[in-house]
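S.K.: Sharing a structure below in structure tokens format, with a few things to ask.
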Amino acid sequence: MIEVKELSKFYGPRPAIDRLNFSIQPGEIVGFLGPNGAGKSTTMKIVTGFMPATSGTVTVAGFDVFEQSLQVKRNVGYLPETPPLYFEMIVEDFLKFAAKLHDVPASQLKAKVDSALERTGLTQVRKRIIGNLSKGYKQRVGIAQALVHDPKVLILDEPTVGLDPAQIIEIRELIKSLAGQHTVILSSHILQEVTATCQRIIVISKGKIVAQDTIERLTTQINQGVIYGLTVKATETQGIEAIRALKSVAHVDVSGNKLLVALHPDQASERDQIIQAAVNAKMGVLDFALERRSLEEVFLELTHEQSNGVAS
Ligand code: ADP
């Protein structure tokens, strides 16, 4: 549904995005995750046809964003970081106006607006002035204007920024409910946002894609095998060496009376042997547990590695 190839954008001499490649299948909800300044908004603006690229190609629903921008705009709904709302307008009038901008025929206007109001939970407030709505409801109007013409693709840039926790949950639920009906790209600098709503994430840092995969596979891939934590009364060298010598063990780090035992990826675990080696060396095993790294740590590591490698 979306194909991005070798996409770059320079503002002056510096690339804001640098040779991005990714593709998104119909019906997918994909999170575009990266710290502030990573190049998310720049990418979203180019994919929606709002800004030209310096080089590279983008197709949306089979149309070239640069050559066939009208067809692309018909197939894309876009919620920019700052929603394009007219605060003095009435909700349903504004949605009619947004639908007309997207070439919805007059005969379909009412049905499309009703459907957008219903899907975003705005039917009760359809006659209200936008400026008088709460921030969460204003954001719903922003999403409604993005989907009023029933586009194949929805692009939402930081859709929950500035909302309170209850509103954040509501908007996330709303986005999830759009799955299947639209292909969705959601950009965010908040990891929880994408894990709560998306099936797949593309991680971007300093204008480059540093990872893209399903959330589960990304965690496993970066984990590079399992790590066990072994807490002992005494760290005996002989026991540590015996553990290091095990086939599945990649390395052992010792910190105080705790051993961090990292296994090689794709190796069958030798848990019993690790414990046995510690018992044989009379280390006095107090605790043995799987150390899970959170996706937060994975994200920080990915974006940190990238920022070390690129001059800013
Ligand atoms: P994000 O959305 O991930 O926060 P942006 O795409 O807004 O990142 O910005 C990526 C980089 O491009 C940043 O370094 C930002 O300062 C720079 N940038 C964005 N817009 C402009 C602009 N209009 N002119 C110059 N630099 C810009």
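S.K.: When the helix-only estimate is applied to the chain (DSSP H runs of n ≥ 4, each -39,500 (n - 2.57), divided by the residue count), what is the mean residue ellipticity at 222 nm, nearest 500 deg cm²/dmol?
M.R.: Only helices count here, giving -10500 deg cm²/dmol.
S.K.: Highest mean first, what order results for 275-284, 84-93 on Cβ atoms within 10 Å?
M.R.: Top to bottom by mean Cβ count within 10 Å: 275-284, 84-93.
S.K.: Rg and Dmax of the chain over Cα atoms: what are they, in angstrom?
M.R.: Cα only, the chain: 24.9, 83 Å (Rg, Dmax).
S.K.: So what are the stretch 127-264's ellipsoid semi-axes, whole angstrom, largest first, if each one is the square root of 5 times an eigenvalue of the alpha-carbon gyration tensor?
M.R.: Taking √(5λ) for each eigenvalue gives 48, 17, 11 Å, largest first.
S.K.: For Ser115 and Lys135 in the same chain, what is the full-extension length gain: residue separation times 0.36 nm, less their Cα-Cα distance, in nm?
M.R.: 5.0 nm
S.K.: Say R0 is 25 Å: what FRET efficiency, to the nearest 0.05, do Met89 and Phe50 get from their beta-carbon distance?
M.R.: Efficiency computed from Cβ-Cβ geometry: 0.70.
S.K.: At a 10 angstrom cut-off on C-beta neighbours, averaged per residue, how do the peptides 255-262, 41-48 rank from highest to lowest?
M.R.: 41-48, 255-262
S.K.: To continue, here is another question. Using the structure shown, select from Lys40/Lys176; Lys5/Lys112; Lys40/Lys258; Lys40/Lys110; Lys176/Lys208; Lys40/Lys138 the pairs with a Cα to Cα distance greater than 30 angstrom.
M.R.: Lys5/Lys112; Lys40/Lys258; Lys40/Lys110
S.K.: Is the shape of the stretch 224-292 best called rounded, prolate or oblate, per the rule: a/c under 1.5 gives rounded, else a/b larger than b/c gives prolate, else oblate, with a ≥ b ≥ c the square roots of the Cα gyration tensor eigenvalues?
M.R.: Prolate, since a/c reaches 1.5 and a/b exceeds b/c.
S.K.: Would you work out if the stretch 45-198 is rounded, prolate or oblate? Take a ≥ b ≥ c from the square roots of the eigenvalues of the alpha-carbon gyration tensor; rounded if a/c is under 1.5, else prolate when a/b is larger than b/c, oblate otherwise.
M.R.: oblate
S.K.: Reachable aspartates and glutamates from Lys282, Cα under 12 Å, same-chain residues fewer than 8 places away excluded?
M.R.: Within the straight-line limit of under 12 Å, Lys282 reaches these aspartates and glutamates: Glu236.
S.K.: Using a Förster radius of 25 Å, what is the FRET efficiency between Ser23 and Glu173 based on their Cβ-Cβ separation? Nearest 0.05, please.
M.R.: Calculated value: 0.40.
S.K.: Follow-up. At a probe size of 1.4 Å, how large is the accessible area of Lys40, to the nearest 10 Å²?
M.R.: 10 Å²
S.K.: Can you pull the accessible area of Arg172 for me, 1.4 Å probe, Å² to the nearest 10?
M.R.: Roll a 1.4 Å probe over it and Arg172 shows about 40 Å².
S.K.: Excluding residues fewer than 8 places away in the same chain, name every one of the aspartates and glutamates whose C-alpha is closer than 14 Å to that of Lys247.
M.R.: Within reach: Asp266, Glu270, Asp272.
S.K.: What do you get for the angle between helix 91-101 and the principal long axis of the chain? Use alpha-carbon atoms, 0 to 90 degrees, nearest ten.
M.R.: 90 degrees
The values are calculated or read from the model by the stated rules, or taken from the named source; none is laboratory data. Keep in mind that what you see is a predicted model, and the values were worked out from it rather than measured. Cβ coordinates were reconstructed from backbone atoms using ideal geometry, including for glycine residues, and neighbour counts include every protein chain displayed. Accessible surface areas use protein heavy atoms only, side chains included; no ligands, DNA or RNA. Shrake-Rupley method; radii C 1.70, N 1.55, O 1.52, S 1.80 Å.
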